[in-house]
Amino acid sequence: MTDRIVIHYSEIGIKGRNRRYFERALVRNVRAALGPAAEVRHQPGRLVVKPGPGADPAEVREALGRVPGIAYFSPAVVAPADPDAIAERAVAVLSDLAFDTFGVAARRSDKGFPFTSPELNAHVGAAVVARLGKKVDLTEPDVLLRIEVTRQGAYLYAEKVPGPGGLPVGTSGTVAASLSGGIDSPVAAYLMMKRGCRVVFVHVRNETQFAGGVDDKIRDLVAELTRYQVRSRLWVLPFGDLQRRIIAFVPAELRMIVYRRFMMRLLDRVADREDAQALVTGDSVGQVASQTLENLACIQAAARRPVLSPLVGLNKEEITDLARRIGTFPHSIAPYPDCCSFMIAPHPETRADPAVVARSEAAVAAADQYLAACLEAAQVETFEA
């Protein structure tokens, strides 16, 4: 029994004068996730959704569970803002559930409603006891019926489905995220979506060793992540020519650092075209040789924009757990040797000297020309959930 879906947010609620900006963005994103047939209305402190005719409840739940900015949502029934009508609907809602004990938690944003919240709790509880013969338990009830009384009516629900939380995508600008094909970088992109960023994906493709399976793997990752932001763009940059020059002219122990510095420059150039304000990587301090503090400083110095690394303090187990939860893990573990794995030396430098790296990088003749050619040969694709 469901008439509406009540959506609650948490972080948006403390935004002060900017709150309406975030609320409007969340309304837009919920509409985009559910399609044009769904009615999405903002009410004080919540959104109320009427799914389109024939909407699949399971698909609606899955879609809303992926919308950043939603703290939780609840399938609800509607009653007139009248104590007896609310009690009648409460009995109908609970009669569909199996339980022995229950509680009622009412709150009213409409202060003109004739009952206080405790009075409505007692009124509804008495009706349930009389009609269904259930026991009240205010400490650990089998079912907790929540009632929200507004000027538009009362919403009753007994389930809270968690959402991602955070901020609505699009409220914090655009970022260009490196997508390597491993476990870490997709999780980093997802975390930036939760902070309200629209993510443009950039994959630097290793063409010296592997030319085929990247397309399916990277596209699968972007398609999975697009379910969180509804629409995405993917840039695939052919890196083979420049990669061969790095291998030819840069000492093995510095190749990964030089490669990643060139990657920063490519991300910057994509960001120029996408009006992105920052770059995103899947770095976690100390996880591999290129992610020591000294090497990260050397690599990120090549960027013209801030470089954001949302995984910086997480360990591999935490990152992997997140990957499983958001659905990217099965795609990430599909076999594919990316640029990074191909460039790793047996004994890589862990504390790069910027001056030494600069000299090695300078040996890669005509690098700007190759960077420009790489960008011009990019394959750009748009994804929609």
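The values are calculated or read from the model by the stated rules, or taken from the named source; none is laboratory data. The shown structure was predicted, so the numbers you read here are calculated from the model rather than taken from an experiment. Please note: Cβ atoms are built from the backbone with ideal geometry, for glycine as well, and neighbour counts cover all protein chains shown.
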Answer yes or no: is there a residue in region 66-88 that is in contact with a Lys or Arg (Cβ under 9 Å, 6 or more places away or on another chain) and of a type in the set (S, T, N, Q). yes
Just to be sure I understand the filter: pairs with C-beta atoms under 6 Å, separated by 6 or more residues or on different chains, first member in region 286-302 and surrounded by fewer than 21 Cβ atoms within 10 Å (Cβ to Cβ), second member not in a helix (DSSP H, G or I). Which pairs pass? ALA289/PRO348; ALA289/THR350; THR292/THR350; GLU294/ARG351; GLU294/ALA352; GLN300/VAL307
Considering region 56-76 alone, what residues qualify as being over 19 Å from GLY327 (Cβ atoms) and surrounded by fewer than 17 Cβ atoms within 10 Å (Cβ to Cβ)? PRO57
Conditions: (1) part of a loop (DSSP other than H, G, I, E, B); (2) under 18 Å from ILE246 (Cα atoms). SER290 meets all but one. Number of the miss? (1)
Out of LEU234, LEU221, LEU225, I need the residue that is farther than 26 Å from PRO354 by Cα and touching a strand residue (DSSP E or B) at 6+ places or on another chain (Cβ under 6 Å). Which one? LEU234
Report the residue count in region 106-123 for those that are farther than 16 Å from GLY153 by Cα and touching a residue at least 40 places away in the same chain (Cβ under 8 Å). 1
When you go through (1) farther than 23 Å from VAL169 by Cβ; (2) of a type outside the set (A, V, I, L, M); (3) touching a Lys or Arg at 6+ places or on another chain (Cβ under 7 Å); (4) surrounded by fewer than 21 Cβ atoms within 10 Å (Cβ to Cβ) one by one for ARG351, which number turns out not to apply? (3)
Is there any pair linking a residue in region 216-229 that is closer than 20 Å to VAL30 by Cβ and assigned by TED's automatic domain parsing to the domain that holds LEU179 to one that is hydrophobic (A, V, I, L, M, F, W, C) and buried (at least 23 other Cβ atoms within 10 Å of the Cβ), with Cβ under 7 Å and at least six apart or on different chains, and which? LEU225/ALA189; TYR228/MET193; GLN229/VAL169; GLN229/MET193; GLN229/VAL199
State all residues of region 104-127 that are in a loop (DSSP other than H, G, I, E, B) and among the β-branched types (Val, Ile, Thr); if no residue qualifies, say none. THR116
Select from region 155-199 the residues that are assigned to a strand (DSSP E or B) and within 10 Å of the chain's Cα centre (by Cα) and write down the one among them that is surrounded by the most Cβ atoms within 10 Å (Cβ to Cβ). VAL199
